[in-house]
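Have a look at the structure below, then the notes.
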Amino acid sequence: MLVVEVEGGRETRRFVISLGAPWLPGRVAGLAVLGVRTLLCGGFNRAYLPTAGRLGVQVITGLAGDAETVLAAYLRGQNIPGGPRTRRCRRLL
């Protein structure tokens, strides 16, 4: 998974991680431990949205396109292809 750190609307660092845990709640918990505050993804089991919220991870799901295009649109505050209107964040996944 690509993790991108953002400060002041600009990318400051990026790295790739392995999610490790085979089940979704464990993966979301791992992201929260890393300090991830926003998850941009194509699909996410809605049953786990409350868990993500309790852990402080905002999930923006239903997105389409390559990661670079989605990330660029998100950082510019534009609509993300295939997804809802974007929001700003401190750390981005």
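The values are calculated or read from the model by the stated rules, or taken from the named source; none is laboratory data. Only a predicted model underlies this, so the values are computations on that prediction, with no experimental measurement involved. As a convention, Cβ positions derive from the backbone with ideal geometry for all residues, glycine included, and neighbour counts pool all protein chains shown. Ligands, DNA and RNA are stripped out before the accessible areas are found, and what is left, the full protein with its side chains, is counted by its heavy atoms. Shrake-Rupley method; radii C 1.70, N 1.55, O 1.52, S 1.80 Å.
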Complete set of residues in the stretch 1-12 that are closer than 19 Å to ARG76 by Cβ and open to solvent by 30 Å² or more (accessible area, probe 1.4 Å): LEU2, GLU5, GLU7, GLY8, GLY9, ARG10, GLU11, THR12
Selection from the stretch 18-72 of residues open to solvent by less than 30 Å² (accessible area, probe 1.4 Å), in contact (Cβ under 8 Å) with a residue 24 or more places away in the chain and part of a helix (DSSP H, G or I) yields PRO25, VAL28, LEU31, ALA32, ALA52, VAL70, LEU71
Within the stretch 4-15, can you find the residues that are hydrophobic (A, V, I, L, M, F, W, C) and over 13 Å from the mean Cα position of the chain (by Cα)? PHE15
